[in-house]
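The values are calculated or read from the model by the stated rules, or taken from the named source; none is laboratory data. None of the values given here were measured: they were computed from a predicted structure. Because the Cβ atoms are built from the backbone with ideal geometry, glycine has one as well, and the counts that use them run over all protein chains shown. To get the accessible areas, we keep the full protein, side chains included, count just its heavy atoms, and leave off ligands, DNA and RNA. Shrake-Rupley method; radii C 1.70, N 1.55, O 1.52, S 1.80 Å.
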Amino acid sequence: MNENVIYHVPVLLKESVDGMNIRPDGTYVDMTFGGGGHSREILGRLGDGGRLLGFDQDADAENNIVNDEHFTFVRSNFRYLKNFLRYYDVESVDAILADLGVSSHHFDDVDRGFSFRFDGKLDMRMNKRAGITAADIVNTYDEEKLADIFYLYGELKNSRKLAAFIIKARADKQIETTEDFLEIIKPLFGREREKKELAKVFQALRIEVNREMDALKEMLNAAVEVLKPGGRLVVITYHSLEDRMVKNMMKAGNVEGKEDKDFFGNLMTPFKLVNTKVIVPNDDEIARNPRSRSAKLRIAEKK
Ligand SMILES: C[S@@+](CC[C@H](N)C(=O)[O-])C[C@H]1O[C@@H](n2cnc3c(N)ncnc32)[C@H](O)[C@@H]1O
């Protein structure tokens with residue numbers, strides 16, 4: 001890796017950390033430590049008795065660990081939030097921050113297979129020690145399942161055709177690298193929109209490889225349980241399905257958005273919305289950091 005490449009530029013940094021309503025002696029969780037941008041901002045606001053646990057399932061994030069007595073790094077999937085809080089003797093927390101998806105580091109590291117810009121093994125696992133790779137998926141899933149992934153997670157209109165092309169090509173030769181894969185799918189896209197469409201295909205595979213929707217659902221369910229009354233849930237999403245789950249959880253108390261009403265017809269929900277309108281980066285931030293373009297921030301307070 002090139003040492004001069006920045007690991008990740010934090011998105012909506014001030015807006016999200018302000019939303020956590022940090023008290024110097026509170027206990028906080030950063031579910032997605034990454035380059036540690038948000039964690040450093042949180043630690044800067046902590047004092048005596050303050051504590052921050054930072055999760056990341058990617059071992060590479062360990063290189064960014066902050067040397068601070070208030071900080072504990074947890075190399076794990078955030079779906080195990082409750083297990084690790086128990087392990088570290090933390091009963092409940094004052095705020096949880098999640099900045100979902102992958103970091104710039106993932107796209108910049110050729111060997112990880114996240115980017116269609118470089119040739120590398122078609123891997124895409126955030127946790128290199130577990131799970132199936134993107135190559136496993138394109139070589140083994142049946143046509144319908146592949147089409148579903150491209151449609152659901154990539155919102156690709158030609159998802160069926162894409163799946164059919166892959167099935168046909170893999171009968172001749174195993175798909176191992178990003179180059180192998182691009183050779184198969186590129187003819188499906190016009191020059192003009194090629195980059196956008198390829199990004200969607202790669203995003204869809206990445207979401208499936210890392211079971212991102214399942215992990216998010218489990219984490220949100222755990223978050224409701226471990227937040228103190230008055231505690232904040234702060235989430236930045238980059239995908240419409242993720243945003244819908246977060247919005248549903250904050251409004252209705254479950255990711256499906258099933259509304260439960262009391263005898264008087266009042267909505268029974270564990271959260272009160274802090275921002276009713278979603279917060280997005282301003283033009284200045286987007287110009288500085290184009291990756292922030294699709295970010296959506298939602299903040300809710302536990303009742
Ligand atoms: C958008 S980046 C976060 C960047 C971070 N806020 C910063 O300022 O550098 C998302 C990070 O979360 C990690 N991640 C994504 N899903 C995860 C999960 N289910 N469990 C643990 N870590 C996860 C990724 O490995 C990545 O490092």
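Rounded to the nearest 20 debye, what is the charge dipole size of the chain about its Cα centre when +1 sits on each Lys and Arg Cβ and -1 on each Asp and Glu Cβ? Walk me through the numbers on the way to the answer.
Values: 47 positive and 51 negative charges, 180 e Å.
Rounded to the nearest 20 debye, it is 860 debye.
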**Asked** So what's the angle, to the nearest 10 degrees on a 0 to 90 scale, between helix 194-209 and the longest Cα principal axis of the chain?
**Response** 60
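Ignoring ligands, DNA and RNA, what accessible area per residue does region 40-136 give at 1.4 Å, in Å²? Walk me through the numbers before you get to the answer.
Numbers: 4500 Å² over 97 residues.
With the other protein chains kept in place, region 40-136 gives 46 Å² per residue.
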**Packing-based ranking, highest mean first, of 179-188, 199-208, 253-262, 103-112 given that Cβ atoms within 10 Å are counted** = 199-208, 103-112, 179-188, 253-262
**Message:** Cβ neighbours within 10 Å, averaged per peptide: list 59-65, 6-12 in order, most packed at the top.
**Reply:** 6-12, 59-65
**Accessible surface, per residue, of region 263-303 when the full set of protein chains is kept, probe 1.4 Å, Å²** = 67
**Glu144/Arg288 FRET efficiency (R0 45 Å; Cβ-Cβ; nearest 0.05)** = 0.60
**Item:** Inter-probe distance in nm under a simple model that places probes 7 Å from Cα toward Cβ, at Arg45 and Asp18
**Value:** 1.0
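Can you tell me which of 160-171, 117-128, 291-302 comes out highest on packing, and rank the rest after it, using the mean Cβ neighbours within 10 Å?
Values: 160-171: 16.4, 117-128: 18.7, 291-302: 20.5.
Highest to lowest by the protection proxy: 291-302, 117-128, 160-171.
For the chain, what's the relative contact order in percent, using C-alpha pairs closer than 8 Å and at least 6 residues apart?
Numbers: 532 pairs, mean separation 53.2, N = 303.
Once divided by the residue count of the chain, the mean separation gives 18 percent.
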**Request:** Quickly work out the Lys173-to-Arg129 label distance, labels modelled 7 Å from Cα along the C-beta direction, and quote it in nm with one decimal.
**Result:** 3.6
**Complete:** Looking only at lysines whose Cα falls under 21 Å of Lys251's and that sit 8 or more positions away or on another chain, we get Lys217, Lys228, Lys261, Lys272, Lys277, Lys296, Lys302, Lys303
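Work out, step by step, the length gained on full extension between Lys272 and Glu62: first 0.36 nm times the residue separation, then minus their alpha carbon distance; give nm to one decimal.
Values: separation 210, 0.36 × 210 = 75.60 nm, distance 3.45 nm.
So the chain would gain 72.2 nm between Lys272 and Glu62.
Run the accessible area of the chain with a 1.4 Å probe and give the carbon-and-sulfur part as a rounded percent.
47
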